[in-house]
Structures are given as C-alpha cells and as structure tokens.
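Bear in mind these aren't lab numbers, they're just calculated from the coordinates by the rules spelled out. Because the structure is a prediction, the values reported are computed rather than measured. In this analysis, Cβ positions are derived from the backbone assuming ideal geometry, glycine residues included, and neighbour counts consider all displayed protein chains.
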Amino acid sequence: MADAKVIPFDDDRSRARRRRLPPQARPPLEVAQEPQEASGAPGAEEEAAEAAASPRSSWERRLAGGLAFLRRRVTGEYEVDDFGYDEELTDQVLMSLLRPLYEKYFRVEVKGVENIPSKGGALVVANHSGTLPLDGLMMQAAVHDSHPAGRHLRLLAADLVFMLPVVNELARKAGHTLACAEDAERLLSRGEIVGVMPEGFKGIGKPFGERYKLQRFGRGGFVSTALRAGVPIVPCSIVGAEEIYPMIGNAKTLARILGLPYFPLTPTFPWLGPLGAVPLPTKWTIQFGEPIETDGYPPEAAEDPMLMFNLTDQVREQIQHTLYKLLVQRRSVFF
C-alpha cells in the first residue's frame, strides 16, 4: 500500500463543479413547448421525469463517491498533514459517525459560533466535564457543522489519548494533537482553530456534586500560547455534559492499578456492565463567547506572569458566568 501524501496546511485544493448544458444542447422537443419552456424553464413533464430519476441518480452518485473513497484508502492516494490530520476521513467518516450523537441523541444547540473568526487562527477555551471526553468531540462537531466558513477545530488532547491503541490513531486522523505549547503554536501560526480544555482531568473527573463549578485553569499556559501567536481567545461554555455520567464515586485503588487518573462509579457503571457505559441522553447547549483579543500586546507580554494571570482569570470568569446563565435558562436536563 502506498504511503499517504503529506501536504502543508495552506494547500488550496480546487473543487469540481457541475456544468449545466447550454440551452442549444437541449433536445429539440423543448423548443416546441409552451413559452415558459422556450425561455429555459422546465415543463411539468420534464420536472416529473427529473423527480423520478433523482433518487436513482443521487444513489448512484453516493455509491460512486463511496467507491472512489475506498479506492483512495486502499491505494494510499489521500492526503494528511504533518500532524497526521486526515481531512477527507474526518469529513466523510468520523463526522458522519458523530453526527447522530450530536444531532439526535444530545440534540446540541449551538450559540455564538460566529464569534470564531472566519479566517486566521484562534484559541477556543472550554470547560471540561462528563467523565468521558465527549464534550470535546461535540464541540468539534459544532464548529465543523455550524460555522458559516466551514472551519475545522483542532483539539489539544492529554497524553493518555495517544497511549491508547486505536484511539491514538483515530485522534490523529481527526486532527487532535498533544496538549503542548509547541504543537499549539505551530497550528495557530498556520491559521488553524485550536481547542483546549485547561481543567484537564480535574474537570472531566470531578464528582457530580461539583458539576458546573470550574476547576483550576493551570498556570495560564494557553494564554501565553495565544499571546505568542497573536490570536484571539474565544471562551466556550458547554452545558449538558455534566449529567451524561453522574460520577458519584471514584475507585482510586483500581485507577492506580489500571494507570488511569480516576475510575468512575456512576449509578449505572460498573453495576450494569457494558450497558452502564451508555451515556444519558441529556440536552446540550454549546455557546461561544465574545473573543478576547491578544494582538494588541507587545511580544514580551507572553513572559509577564501578572498579565497571564489576569487574562486567565478573565477567560475563566467569562466561561463560568455563561454556564450559570445557560443553567438558569434551560428548562430540563433532558429537554
């Protein structure tokens, strides 16, 4: 099997467009129709014929597209960037797998996605919760499907993600990379939208009694990264993820044996076995807040601990305030 080609981030690939037949290329029968047909408008019979043929032609196009996709996979004629991101696989397969969960199961409502810039880099900073990191995947789907410019979100993930078999490969293909300043700066400098959840395992593994209370945001590393790249920081608040796996306990001894940061105990897991791993169908809201600009600061600002502390606190307070506002507005956990 041939190796996949590596391309730069700013590669601009042209997209094929369908061509319409000029009026003179149509069958002579059209000229003899009513005036509206002579002017180029389709008649009732033509519309009926097109409607009858449409399902089959649409099915044939999908089949042809699927076969072409499989051929490129087998022959290695697909493209990845230097982080391992496979845009075609993400768009056609991974997002298609996430979409039923996103649209039908969690029924995600997205607000303020226009606050993410249409061009250039930006750092999206969000709260983290839910025992398993489904909130990051739903945030990625929200940007992918809702942004008017069709932007892609590149998530920064913990090193544990890249130590797990299968998960490691899928994460790379989906555009995720290690949560380190070097990788984040490279992506931002190339105009990518990067997502980070500074709470880390402290947020995703907190007990249910502390839901929607933000944990510590670390030492402000994400602010330093944004300052160096000169990109805006977009706060993001996610409501609904806290209740998918209500964590009522933590088996710390078992977690140490398995090498995990925590081992969750919920009302259904591990008591119901694999069935207990099914998340509850909560109603989600993802809101992207007003961006905090950083391009007005001098280059040495990234080394100012007081400035980083103040900006970190500003982002954290904005996310927390929006969480409280969304919680007051929602009617129910499930509706």
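One table, with the values for the structure above:
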read-out	value
Net length gained if the chain between E182 and N168 were fully extended (0.36 nm per residue, minus Cα distance)	3.1 nm
Shape category assigned to the stretch 117-166 from the gyration tensor of Cα positions, a/c cut at 1.5	prolate
Residue-count net charge about Y245 - beta-carbon cut-off 12 Å; Lys, Arg +1, Asp, Glu -1	-1
Relative packing of 238-250, 312-324, 279-291, which averages over residues the other C-beta atoms within 10 Å, highest first	238-250, 279-291, 312-324
Under 5 Å, built H, 5+ apart or other chain: amide partners of V110	I286
Relative contact order (%) - the stretch 239-307, alpha-carbon pairs under 8 angstrom, separation at least six	31 percent
Cβ-Cβ FRET estimate between L63 and E290, R0 fixed at 30 Å, reported to 0.05	0.10
